[in-house]
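The values are calculated or read from the model by the stated rules, or taken from the named source; none is laboratory data. Owing to the predicted nature of the structure, the values given are computational and were not obtained by experimental measurement. Neighbour counts run over all protein chains shown; Cβ positions are idealised from the backbone, glycine included. Ligands, DNA and RNA are stripped out before the accessible areas are found, and what is left, the full protein with its side chains, is counted by its heavy atoms. Shrake-Rupley method; radii C 1.70, N 1.55, O 1.52, S 1.80 Å.
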Amino acid sequence: MTINWSEYGDKEFFDELVDARHRPRAPARDLLRYLESLSSEEIRERQQAAEIAIVEMGITFTVYSEGENIDRAWPFDIIPRIIAADTWDRVDAGLRQRMQALNLFIADIYGKQQVIKDKVFPEELLANSANFRQECVGIEPPLGVWAHICGSDLIRDHKGEFLVLEDNLRVPSGVSYMMENRVLTKRVFGELFEDTSIRPIGDYPTKLFDTLAAISPRPMDYPEVVVLTPGIYNSAYFEHSFLAQHMGAELVEGQDLIVGDDDCVYMRTIRGPQRVDVIYRRIDDLFLDPDAFRKDSTLGVPGLMRAWRQGNVALANAPGAGVADDKVVYAFVPDFIRYYLDQEPILPNVPTYLCYREEEMQHVLQNLDSLVVKPANESGGYGMLIGPTATKKERAEFARRIKHEPRNYIAQPLIRLSTVPTIIGDAVEPRHVDLRPFILQGDEMYVTPGGLTRVALRKGSTVVNSSQGGGSKDTWIVEAG
Amino acid sequence: MLSRVAERVYWMGRYIERAENAARLVNAYATEVMDLPRSLGTGWHSLADITGASELFTGHYQNYDERNVVKFLLADTFNPGSVLASLKMARENVRTTRELLPTETWEHMNRLYLYVKDNVHSSLSRKHRFAFLNNVIFRCQQISGLLAGTMSYDSAYEFVRLGINLERTDMTTRIVDSAVFLLMPRKDEPSDYDSLLWVNVLKSLSAYQMYRQHVYTRVIGDEVVRFLLQDEQFPRSVARAVSEAASCLKALPRSDTPLLRISRLQRRVKEAEPMNMSLEELHAFIDNLQSEVNEVHGQIAATWFLIDSETAEQQSA
């Protein structure tokens, strides 16, 4: 396929596969040479083959729309995103550092709160944090770890620098799609794996199982680990099932679990009740246990918090871990790294204005047309204002909301997200991407080599969420050579 | 194994078998009808009646013509026994137990469902129907074969097999009943077509060859009925399918009550003398077998699927 580079994108953005003069970057050389060797027809056939495979493998995500749950085929672009191994190793180190600091912060917050006493983190921010759980104060989970699984969103700016956009510590999803994307690429571009040294990602489920097994309250070789799903209509059900299958764990719903009089958790099996040691829960805190949180939750298990507090069952992530998954707390993570680890942060944050600080709020209000405003506790790209493209009315509405609830808003400059060549119709065009690597912490740490690359398929758009027209790509960490 | 999951794989087995059998039933009946002269006045209505869904049918259609009946049995999603509806349910059950089943199960199941969804309407015309039905039968067997060949023979597999065999028992009785239905109005004047009818019944269950090999007579009604109800070796005969189901029950924990119930069914099949029954008696006997299959199902559900928190707590104590 001849790629018409003279019409390929402008130089305002960092493209991950080609440099400003449209020459292939070193790790992408083989791929681009290979793409050029294929006819447009062949490329189209492979894209179609991938799409058919997606339908047949049933790789779907669920969208709730017009009163119905619809299973949509996972959107996938066959051109992989490539990152050089030495670049990635630094990112990997930065993510480990960040995860450690986050866990130390959460443990501190539910423990002595030294970080507040030392005036590194303001107390008033904790007081109105939506994800702080009073019920968790004083608990010491196994290994001192609260967040066992983290999905951090990274972006690359116009210089190609990696920046952290947010840390998802509640129930981050996407890892199954990361793995399926690799399976698809192997099917479609099998030839490329012969000569290129691409870091494998297939052992994530094993690492996840080891992480979960490490926090079992009963020390044993094969503790009973289960994945707790809200059910088949949840948008990430595919992933819950995928992970249970690949770990050889039971996939349970709330109705399958009971807490006995001995404060232990049991699942209902055909042999009668069977003890559960570790629950990888994919249900938000507030739905976990109707006795402790929302009374109307039918997804959870009555008494679960009691069992957890007694140390009879491990929950991953621990309830309350989401306190660090907050866009205001996010702004303090570089300080946490310095405070807890006595290190300089390897991965920088995106510059962030906290509206709760009077002078920063004034700056935000005066510059709404150039900033991105986000609510502190939303995910999925909802409830955001993208200043430069918003209407006057939308900006006025956000100004009102910010003044009403300053704690709940942050603002960031619009980062010029990097691009990757993407197949659009019969041509290859640049599209903006982000990256979600997954980090595990139990008795050991693990970072996925690469992660899930999401791509905004609409021209010029930076919204990568699959529920809003985003697609995905396989991500290769390629060794030099 | 989780009770909820046991229930889902059991139903998966039933729905796959149901889809296959619905396809067999339509195939057999269509072939039977083609052989019969118009003067015998066979209608399509008995086909809808056999599946026990005549009320549902008349609620949606005015005429029992070929197109309506075939559409009802193959394509209508409001009929839970149709091929499309069964496969939709089977697919949903596979989708929600994917973590337990061999990976390819889901891919094959999904592909089969998509194939049926896309092609079922063209199968309403006689031209395409035969190929379509054969394809459905073959691909359902492919899935049961895949499970038999790649799944550990653990509780999950026993539940799948249990579902398959109970559904098979039920459907074999219905297919035999379909012939009884056709013969009843003209029982006083046996015709040359009768043996043709029984050949088709055998063929619809892929039983013709085995019948020939194991029963040393011509194809005559009494012998065919005996073979399909009581032969211990043919996998689609009632006696065999019930013993298979019984062996699944034996392999499962806490199975005393369902075993008791299925032994009664086994005895009933074994001790029957279909040769000495009139067509009406045979029809009533088959009706009875069907309700006993239902009772076995009820007992299975009570034992393994409906563990409420009270039973669970009693057991944990």
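Tabulated results
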quantity	calculated
Residue that is farthest from the other protein chains (Cβ to nearest Cβ) [pool: residues in the range A:246-255 that are more than 14 Å from residue A:213 (Cα to Cα) and assigned to a helix (DSSP H, G or I)]	A:254
Residues being at pLDDT below 95, over 13 Å from residue B:230 (Cβ atoms) and open to solvent by less than 60 Å² (accessible area, probe 1.4 Å) - total across the range B:259-281	2
Residues that are of a type outside the set (A, V, I, L, M), assigned to a strand (DSSP E or B), buried (at least 18 other Cβ atoms within 10 Å of the Cβ) and within 7 Å of chain B (Cβ to nearest Cβ), drawn from the range A:256-294	A:266, A:268, A:269, A:273
Meets criteria (touching a residue at least 40 places away in the same chain (Cβ under 8 Å) and either part of a helix (DSSP H, G or I) or of a type in the set (Gly, Ala, Ser) (or both)) for residue B:138	no
Residue A:106 open to solvent by less than 20 Å² (accessible area, probe 1.4 Å), in contact with a Pro (Cβ under 6 Å, 6 or more places away or on another chain) and at pLDDT 95 or above	no
Selected residue (only one of B:81, B:59, B:52, B:149 is touching a helix residue (DSSP H, G or I) at 6+ places or on another chain (Cβ under 7 Å) and small (Gly, Ala, Ser))	B:81
Hits in the range B:81-97 (condition: within 11 Å of chain A (Cβ to nearest Cβ) and surrounded by 21 or more Cβ atoms within 10 Å (Cβ to Cβ))	B:91, B:93, B:94, B:95, B:96, B:97
Residue within the range A:176-190 that is out of contact with any strand residue (DSSP E or B) (no Cβ under 7 Å at 6 or more places or on another chain) and more than 30 Å from residue A:42 (Cα to Cα) present	no
Any hit, the range A:13-30, residues being open to solvent by 20 Å² or more (accessible area, probe 1.4 Å), among the β-branched types (Val, Ile, Thr) and touching a residue at least 12 places away in the same chain (Cβ under 8 Å)	no
Test: residue A:331 is under 25 Å from residue A:121 (Cβ atoms), in contact with a helix residue (DSSP H, G or I) (Cβ under 9 Å, 6 or more places away or on another chain) and in contact (Cβ under 8 Å) with a residue 60 or more places away in the chain	no
Breaking point among (1) within 14 Å of chain A (Cβ to nearest Cβ); (2) open to solvent by 30 Å² or more (accessible area, probe 1.4 Å), for residue B:159	(2)
Residue in the range A:297-307 that is within 11 Å of chain B (Cβ to nearest Cβ), part of a helix (DSSP H, G or I), free of Cβ contacts under 8 Å to residues at least 60 places away in the same chain and open to solvent by less than 20 Å² (accessible area, probe 1.4 Å) present	no
Residue match in the range B:18-29 (condition: under 16 Å from residue B:178 (Cα atoms), more than 14 Å from chain A (Cβ to nearest Cβ) and surrounded by fewer than 22 Cβ atoms within 10 Å (Cβ to Cβ))	yes
Residue check, residue B:217 β-branched (Val, Ile, Thr) and either open to solvent by 60 Å² or more (accessible area, probe 1.4 Å) or within 14 Å of chain A (Cβ to nearest Cβ) (or both)	no
Considering residues of the range A:308-327 that are part of a loop (DSSP other than H, G, I, E, B) and open to solvent by less than 30 Å² (accessible area, probe 1.4 Å) only, the residue nearest to residue A:247 (Cα to Cα)	A:317
Residues within the range A:269-281 that are in contact with a Leu (Cβ under 6 Å, 6 or more places away or on another chain) and touching a residue at least 12 places away in the same chain (Cβ under 8 Å), tallied	4
Residue A:152 vs. criteria open to solvent by 40 Å² or more (accessible area, probe 1.4 Å), among the small types (Gly, Ala, Ser) and in contact (Cβ under 8 Å) with a residue 60 or more places away in the chain	no
For residue A:330: the one exception among (1) open to solvent by 10 Å² or more (accessible area, probe 1.4 Å); (2) within 26 Å of the chain's Cα centre (by Cα); (3) not small (Gly, Ala, Ser)	(1)
Test set (1) open to solvent by 40 Å² or more (accessible area, probe 1.4 Å); (2) without any contact (Cβ under 8 Å) to a residue 40 or more places away in the chain - residue A:385 fails condition number	(1)
Test set (1) over 26 Å from the mean Cα position of the chain (by Cα); (2) modelled with pLDDT of 85 or more; (3) open to solvent by less than 30 Å² (accessible area, probe 1.4 Å) - residue A:77 fails condition number	(1)
Test result for residue A:120, out of contact with any Cys (no Cβ under 7 Å at 6 or more places or on another chain) and either closer than 28 Å to residue A:232 by Cα or assigned to a helix (DSSP H, G or I) (or both)	no
Filtered residue count, the range A:230-245, keeping only those that are within 14 Å of residue A:204 (Cβ to Cβ) and either more than 8 Å from chain B (Cβ to nearest Cβ) or buried (at least 22 other Cβ atoms within 10 Å of the Cβ) (or both)	4
Unmet requirement for residue B:112, which otherwise passes all of (1) more than 28 Å from residue B:298 (Cβ to Cβ); (2) more than 12 Å from every other protein chain (Cβ to nearest Cβ)	(2)
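Listed here are the residues, each with its yes/no results for (1) within 24 Å of residue A:234 (Cα to Cα); (2) in contact with a His (Cβ under 9 Å, 6 or more places away or on another chain); (3) open to solvent by less than 40 Å² (accessible area, probe 1.4 Å).
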residue	(1), (2), (3)
A:156	no, no, yes
A:169	yes, no, yes
A:173	yes, yes, no
A:179	yes, yes, yes
A:189	no, no, yes
A:194	no, no, no
A:200	no, no, no
A:208	yes, yes, yes
A:213	no, no, yes
